[in-house]
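The values are calculated or read from the model by the stated rules, or taken from the named source; none is laboratory data. Just so you know, these numbers come straight off a predicted model, no measurement behind them. Cβ placement follows ideal geometry from the backbone for every residue including glycine, while neighbour counts extend to all protein chains displayed. These accessible areas exclude ligands, DNA and RNA; they are computed on the full protein's heavy atoms, side chains included. Shrake-Rupley method; radii C 1.70, N 1.55, O 1.52, S 1.80 Å.
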Amino acid sequence: MAWLGIEGHDEIRDFFARTLASGRLAHAYLFVGPPGIGRRRFALALAQTLQCAEVPPEQMAPCGSCPQCRQVVGGTHPDVVVVAKPEDRLEFPIDLVREQVIRTLALKPTSGRYKIVIVDDAETFSVAAANCLLKTLEEPPDRSLLILIATSPELILPTILSRCQQLVFRPLSAEVIERILLEQQLVEDVAEARRCARLAEGSVSDAIRLASPQVQKLRMLLLEALSQQPLEAADLLAAVDEALQSAGSAASARREAAAVLLRTALAVLRSAVRVAVGAAPAEAADEREQRVVAMLASQVGLEPLLTMIERTVTAQQQNERRAHVVILLEAWACALADAANPPSLVPRRASVTGQQARG
Ligand SMILES: [Zn+2]
């Protein structure tokens with residue numbers, strides 16, 4: 001059952017129900033887990049639960065209609081503050097920590113039970129910003145609650161980590177994501193919802209992005225390029241161009257577009273390997289993708305497909321390590337074409353026979 005429309009984190013809801021029933025709410029929590037799985041929504045739902053004037057918090061069922069609830073939901077509650085790293089910054093600005101986090105928590109609640117600050121992107125804290133928070137964590141003001149949201153505990157300084165109670169948010173199942181996409185009418189077509197949900201690796205926001213018209217167009221270009229025989233780097237580069245152009249000039253958006261492109265290619269190649277070894281293609285593939293997959297399995301063959309997968313995974317790692325997006329994608333396109341077209345240009349079966357003859 002979804003709690004306040006939040007799917008897939010029932011264990012954490014139950015944890016807070018027990019904590020509130022026993023009156024042992026801590027002053028600081030760290031919510032860790034991949035982006036797009038509902039960490040921030042959960043934090044806001046918890047804030048609403050704590051502030052609701054009609055239903056005691058331990059019931060975990062805020063009424064939704066009292067002024068407190070309405071203000072939290074509307075983002076206007078004076079005692080619930082959400083702070084995130086500005087998009088154009090790589091690091092969480094220390095000024096924001098001082099002014100929005102520490103100063104807010106030091107004030108008494110004006111109308112709610114608690115002063116609550118939710119800090120997103122906490123993994124981007126610099127050492128100085130984290131140190132700045134230490135005093136607040138060591139001597140938390142009365143009726144204050146700090147919720148830090150981060151992708152991974154490894155990215156949080158040990159001094160912060162040891163002063164927060166950590167809760168791990170797990171990726172959502174493909175079935176849950178598919179249901180969210182359809183119920184919230186983010187995707188109309190059932191097959192399309194299933195495909196995006198399976199590709200999204202547990203993240204609703206990724207699934208929504210994958211379903212966007214931009215990504216659909218990109219996917220079509222990629223399928224078109226992969227369906228060419230012989231596979232040409234130039235066709236792949238057209239898809240690369242489209243991905244980067246539609247992403248605009250912001251570095252993070254271009255990296256994101258590269259990630260989507262590589263992930264889409266990887267799904268097709270993995271499906272082709274399954275078919276090449278006699279298994280069924282990935283369930284999520286639509287008719288068009290299945291045709292390309294069948295063609296790759298029969299025309300390119302298992303060994304080159306495995307090399308193509310390896311090259312794609314390498315490109316993904318380079319992208320995560322912040323290599324230059326254009327260079328890594330160009331190298332990837334060329335590596336894929338090379339792998340798909342062995343230099344001999346002789347049909348593969350004949351070349352195997354040739355090797356055997358020589359051996
Ligand atoms: Zn209420």
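Things to note:
- Cα centroid separation, the range 10-42 to the range 242-313 (Å): 37 Å
- Relative to the dominant Cα principal axis of the chain, helix 251-276 is inclined by about 50°.
- Ordered by solvent-accessible area of protein heavy atoms (1.4 Å probe), largest first, the residues Lys108, Lys115 come out as Lys108, Lys115.
- Peptides 245-252, 275-282 ranked from most to least packed by the mean count of surrounding Cβ atoms within 10 Å: 275-282, 245-252.
- The range 228-272 shape via C-alpha gyration tensor axes, a/c threshold 1.5: oblate
- Gyration tensor verdict on the range 15-77 (Cα atoms; rounded if a/c is under 1.5, prolate if a/b is larger than b/c, oblate otherwise): oblate
- R0 of 25 Å, Cβ-Cβ distance Glu58-Leu107: FRET efficiency to nearest 0.05: 0.50
- Simple rule: put +1 on each Lys or Arg Cβ and -1 on each Asp or Glu Cβ in the chain, find the dipole, and look at Ala53, Ser144, Leu269; the Cα lying farthest toward the positive end is Ser144.
- Note on the chain: antiparallel DSSP beta bridges, both residues inside, total approximately 5 percent of the bridges counted.
- Secondary-structure-derived ellipticity at 222 nm for the chain, considering helices only, amounts to -16500 deg cm²/dmol, per-run term -39500 (n - 2.57) for DSSP H runs with n ≥ 4.
- Shape call, the range 10-168: gyration tensor on alpha carbons, a/c limit 1.5: prolate
- Alpha-carbon radius of gyration plus Dmax, which is the widest Cα pair, for the chain in Å: 24.8, 86
- When Met308, Met295 are compared by accessible area of protein heavy atoms, the largest-first order is Met295, Met308, using a 1.4 Å probe.
- Most tightly packed first, judged by the mean number of other beta-carbon atoms within 10 Å of their residues, the peptides 195-205, 68-78 read 195-205, 68-78.
- Bridgeable lysines around Lys135 (alpha carbons under 30 Å apart, same-chain partners fewer than 8 residues away excluded): Lys85, Lys108, Lys115.
- Amide N proximity, the range 24-62 versus Gln165 label position 7 Å along Cα-to-Cβ, cut-off under 15 Å: 24-32, 43, 46-47, 50, 57-60
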